[in-house]
Amino acid sequence: MVKLKDLDLSLELDKKMYKKKIKVLQYEMLNAQQFLFNNKIGLILVFEGMDAAGKGGAIKRLTERIDPRGLIVHPISAPQPHELRYNYMHRFWRKLPQHGQIAIFDRSWYGRVLVERIEGFATKEEWSRAYDEINDFEKLLTDGDYIVMKFWIHIDSDEQLKRFNERAEDPYKAWKLTDEDWRNREKFDDYVVAANEMFKKTDTENAPWIVVPGNDKLHARVQVLKETIAHIEKEATRRGLSLTNMLNKEQEEVQEQESTKEKRKQKNKSI
């Protein structure tokens, strides 16, 4: 698993290529959604990362063309007072999707080993044992009819500051920026340390972490779609199923029709 300091944040994608790729991938994602629905397999996607890393933008592009009836996005914030009466995983169990549907967690149960660890909302004993609790939770899901994958979208401190300043000056985005965001910037390095330990202890074969360079938003959005579709295809194969790419299938049918027409022409000429 790559450490965040070794991640290549210089990766970029020009706008023309982005528009071309994103449309194709979004239709492939729609096809994947239908596959999940027809085979009653639930998909759980977790999004974590630094503040202003582009999680919301990536989620928006991932879900732009799929059927909203089979999707729910959970924005996760601090637990409510009544939720503190239960085990911290309780509120996430209640948000799991039905088999055949998709649930996206914008922040997640990993808050215990990230913000709760760093801000002191969980004791060292609590967040230390959470790694095993999380792995058991995810294994229980993937041993059944769920696919689980986790994204960490990463930006460097300079890019984060740039985006914070842009948000502060944009009246339509200023609401995204809070005093807490500015406070968290002071602990940027602490979050890097916590994230690297999280990857080391919870990156599993059944529920992998995908670390996405996010300094270029266009590259990150395309990469999230590509990785999601690839993992669904992998899990389909593991289950003895086949995820047919509808765009490729249509292209093959067109090519076959054209080939048949050409053969008929050649046959008529010979006659």
**Request:** Scan region 47-83 for residues that are within 15 Å of the chain's Cα centre (by Cα), open to solvent by 10 Å² or more (accessible area, probe 1.4 Å) and not aliphatic (A, V, I, L, M) and report the count.
**Result:** 10
**Item:** Qualifying residues in region 84-105 (those that are assigned to a loop (DSSP other than H, G, I, E, B) and touching a residue at least 24 places away in the same chain (Cβ under 8 Å)) - the one most open to solvent (accessible area, probe 1.4 Å)
**Value:** 98
**Residue within region 15-38 that is in a strand (DSSP E or B), over 25 Å from residue 158 (Cβ atoms) and within 14 Å of the chain's Cα centre (by Cα) present** = no
**Request:** For region 146-159, indicate whether the set of residues that are in contact (Cβ under 8 Å) with a residue 24 or more places away in the chain, more than 26 Å from residue 189 (Cβ to Cβ) and surrounded by fewer than 20 Cβ atoms within 10 Å (Cβ to Cβ) is non-empty.
**Result:** no
**Fill in**
Listed by first then second residue, the pairs whose first member lies in region 189-210 and is under 22 Å from residue 157 (Cα atoms), whose partner is aromatic (Phe, Trp, Tyr) and in a helix (DSSP H, G or I), with beta carbons under 6 Å and at least 6 positions apart or on separate chains, are 209/199
**Asked** Within region 123-144, restricting attention to residues that are among the aliphatic types (A, V, I, L, M) and crowded, with 19+ Cβ neighbours inside 10 Å, which residue is nearest to residue 69 (Cα to Cα)?
**Response** 134
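Go through region 122-168 and report how many residues are in a loop (DSSP other than H, G, I, E, B) and over 15 Å from residue 204 (Cβ atoms).
6
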**Message:** When you scan region 251-261, do you find a residue that is at pLDDT below 90, among the hydrophobic types (A, V, I, L, M, F, W, C) and over 30 Å from residue 132 (Cβ atoms), even just one?
**Reply:** yes
**Message:** Condition check: touching a helix residue (DSSP H, G or I) at 6+ places or on another chain (Cβ under 8 Å), assigned to a helix (DSSP H, G or I), open to solvent by less than 50 Å² (accessible area, probe 1.4 Å) and small (Gly, Ala, Ser). Does residue 195 satisfy that?
**Reply:** yes
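The values are calculated or read from the model by the stated rules, or taken from the named source; none is laboratory data. In this text, all values refer to a predicted model and were calculated from it rather than measured experimentally. Note: ideal-geometry Cβ built from the backbone for every residue, glycine included; neighbour counts use all protein chains shown. The area values use the complete protein model at the heavy-atom level, side chains included, leaving out ligands, DNA and RNA. Shrake-Rupley method; radii C 1.70, N 1.55, O 1.52, S 1.80 Å.
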